[in-house]
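To keep things clear, I will list the structure first and then write my remarks on it.
The values are calculated or read from the model by the stated rules, or taken from the named source; none is laboratory data. A quick note: this is a predicted structure, and the numbers were derived from the prediction, not measured. Because the Cβ atoms are built from the backbone with ideal geometry, glycine has one as well, and the counts that use them run over all protein chains shown. Note: accessible area is taken over every heavy atom of the protein model, side chains too, but ligands, DNA and RNA are not part of it. Shrake-Rupley method; radii C 1.70, N 1.55, O 1.52, S 1.80 Å.
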Amino acid sequence: MAGYFLGVDLGGTKILTAVADEQGKILARKKLPTEANRGNDRVIENIIETIRSVLAEVGLKKENIVRMGVGSPGPLNTKEGIIYLAPNLGWENVPISRILEDRTGISVILENDANAAALGEKWFGAGQGIDNLIYITVSTGIGGGIIIDRKIYHGVNDGAGEVGHMVIDPDGPLCGCGNHGCFEALASGTAISRRGREAVERGEKTLLTDLCEGDLNKIDGGLIARAAQLGDQVALDIWSEAGYYLGLGFANLVNIFDPEMLILGGGVMKAGELIMEPMLASLKNYSFKSAFNSLKIRQAALGDDTGVKGAIAVAMGDRLYREG
Ligand SMILES: [Zn+2]
């Protein structure tokens with residue numbers, strides 16, 4: 001009997017695949033390193049192996065699987081199932097859906113990883129019962145997924161939801177995309193670490209100089225949070241500046257989409273009050289009162305499972321919408 005779904009969370013360092021029942025409950029999972037440095041074929045073999053392993057574990061065959069959802073870094077084309085460019089995978093123009101369909105005989109739906117995560121949170125996590133929400137993950141970059149009336153808003157070229165490249169300050173720091181002052185160049189974990197390193201390099205009086213033991217590469221969000229907790233003013237200022245920009249970016253989104261809920265995930269949000277307090281002040285300051293007052297702000301609930309549960313939600317697709 002068909003009625004089961006596969007979710008594949010394809011990341012730069014690991015592949016996590018799970019098989020779920022028709023309620024989306026995970027029955028078996030398998031994790032393997034991506035091994036992107038060993039080339040495309042190796043990554044494909046690793047994906048196939050995770051699928052083989054989870055099906056074997058629960059005694060299912062391809063005939064039992066309705067669909068497979070794949071969450072992958074992009075840019076990509078969801079309709080054609082092609083990953084255009086995934087630097088972390090070393091991939092360019094890989095027709096991943098067709099390749100996996102040919103190998104497994106299971107139909108595949110490809111989705112951008114941040115969009116998949118948004119769907120995971122909507123159907124299985126913090127956003128259950130919410131029809132209009134924005135999911136944002138703040139880690140080395142800033143990614144997002146916009147859900148309108150229970151569905152991902154893709155845009156014409158699958159480019160919607162690239163919230164990390166919303167320009168906040170045209171005179172701001174250079175972003176990986178080539179623009180200046182993008183949201184993620186100002187408020188991501190990478191931006192926070194960079195400010196810590198710059199403060200030490202400029203010889204500012206900060207605990208970070210001692211904490212990093214002479215190795216600037218050790219300065220990351222965790223270390224800057226520790227310095228801030230010890231009362232270090234430079235570190236406190238870095239968090240309040242990042243929180244300010246985070247709130248400003250969120251306010252832009254809230255003013256455009258007027259969502260019911262903002263779901264926040266990613267390593268940077270683990271800094272807790274250090275980032276939440278200045279973020280909330282700035283979000284309140286820049287957003288329309290009515291939108292802010294009705295807005296629910298929640299931490300992402302699925303943790304390390306966000307990607308794979310999102311991929312399962314992608315696979316389940318219309319079945320979820322029908323059930324509401
Ligand atoms: Zn950018």
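Would you mind putting 286-294, 304-312 in packing order, based on average other-beta-carbon counts within 10 Å, highest first?
Sorting 286-294, 304-312 by mean packing, highest first, produces 304-312, 286-294.
Out of segment 147-214, which trypsin sites (Lys or Arg not before Pro) are coil in DSSP terms and have no more than 11 other C-beta atoms within 10 Å?
R202, K205
Run the dipole for the chain about the Cα centre, Lys and Arg Cβ at +1, Asp and Glu Cβ at -1, nothing else charged, and hand back the magnitude in debye, nearest 20.
Its charge dipole is roughly 700 debye.
Work out the P(r) tail for segment 45-157: percent of alpha carbon pairs separated by more than 26 Å, whole number.
Of the Cα pairs, 26 percent sit more than 26 Å apart.
Rounding to the nearest 10 and keeping the result within 0 to 90°, find how far the Cα-based axis of helix 113-124 lies from the longest principal axis of the chain.
It works out to around 80 degrees.
For segment 269-281, what does the Karplus curve 6.51 cos²θ - 1.76 cosθ + 1.60, with θ = phi - 60°, yield as ³J(HN,Hα) per residue in whole Hz, taken in order and with x for Gly and Pro?
These are the phi-based 3J(HN,Hα) values: 5, 5, 5, x, 4, 3, 9, 5, 5, x, 5, 5, 4 Hz.
Nearest 10 degrees is fine. How inclined is helix 189-201 to the longest principal axis of the chain, computing both from alpha carbons?
So the helix axis and the longest Cα principal axis differ by about 30 degrees.
When the Karplus curve 6.51 cos²θ - 1.76 cosθ + 1.60 is applied with θ = phi - 60°, which whole-Hz ³J(HN,Hα) does each residue of segment 22-37 get, with x for Gly and Pro?
6, 8, x, 6, 6, 9, 7, 9, 8, 10, 9, x, 5, 6, 4, 5
Identify, among I44, G159, S107, the residue whose Cα sits farthest towards the positive end of the charge dipole of the chain, taking +1 on the Cβ of Lys and Arg and -1 on the Cβ of Asp and Glu, with the dipole about the Cα centre.
Of the listed residues, the answer is S107.
Carbon and sulfur: what percent of segment 126-301's accessible surface (1.4 Å probe)?
50
Probe radius 1.4 Å, ligands and nucleic acids left out: which of L133, L207 has the largest accessible area, and how do the rest follow?
The ordering from most to least exposed comes out as L207, L133.
List, in order, the whole-Hz ³J(HN,Hα) value for each residue of segment 90-101 obtained from phi through the Karplus relation with A = 6.51, B = -1.76, C = 1.60 and θ = phi - 60°; use x for Gly and Pro.
With the stated coefficients, segment 90-101 comes to x, 9, 9, 6, 9, x, 4, 5, 5, 4, 6, 5 Hz.
Can you list the lysines whose alpha carbon is less than 17 Å from that of K25, not counting same-chain residues fewer than 8 positions off?
Reachable lysines: K122, K309.
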